[in-house]
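To start, the structure itself, in structure tokens.
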Amino acid sequence: MAEKPKLHYYNARGRMESIRWLLAAAGVEFEEKFLKSAEDLDKLRNDGCLMFQQVPMVEIDGMKLVQTRAILNYLASKYNLYGKDIKERALIDMYTEGIADLGEMILLLPFCQPEEKMPKLPWSKRKLKPLFPLSWGIEFRGQISNLPTVKKFLQPGSPRKPPPDAKSLEEARKIFRF
């Protein structure tokens, strides 16, 4: 029996949440090692575990993977969730890159002062096109949410993290020294 993947991050959604979702969709159980202090992050850095000195980091198959999209690509390939051919992979990559770009725009907003938020919101000045037709997007969400492994992940008591709150933001500020 293979070891469970071990996820290293702080106890919040952030960049790790898409990894949790993908593991849930694959039906893979995982362990989490939460960073509780800046010293915990420094230890990973000093031990040479973090190629780019940042988390998330996933230990799997004897490797210590960093960079969210690299982790997602590895997991999707490993668990046969990365399309049946090169065309499906291209569509998956387009979708995930678009979501990643959007995520980059909004990820740090909870840490900004109110007066800093509006200039950082690109849609405040122009209308963004939907990632896919609304009717297909609603259908897609329903299909994904009804997969038994994802449905389980969405239930209370699962490893899914709640939206950020003041406590989790303060914890992140301490760990990442914002």
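The values are calculated or read from the model by the stated rules, or taken from the named source; none is laboratory data. Please read all numbers here as calculations on a predicted model, not as lab measurements. So basically every Cβ, Gly included, is an ideal-geometry build from the backbone, and we count neighbours across all protein chains shown. Surface accessibility is based on the protein's heavy atoms, side chains included, excluding ligands, DNA and RNA. Shrake-Rupley method; radii C 1.70, N 1.55, O 1.52, S 1.80 Å.
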Accessible area (Å², 1.4 Å probe, nearest 10) - ASP61: 80 Å²
Share, in percent, of DSSP beta bridges within the stretch 6-176 that are antiparallel, nearest 5: 65 percent
Neighbour net charge for ILE92 - beta-carbon separation under 13 angstrom, K R +1, D E -1: 0
Which listed pairs, of LYS4/LYS36; LYS36/LYS151; LYS4/LYS161; LYS78/LYS151, have C-alpha distances above 24 Å, in listed order: LYS36/LYS151
Percent carbon-and-sulfur accessible area, the stretch 6-176, ignoring ligands, DNA and RNA, probe 1.4 Å: 58 percent
Where GLU3, GLU32 fall by accessible area, highest first, once all protein chains stay in place (1.4 Å): GLU3, GLU32
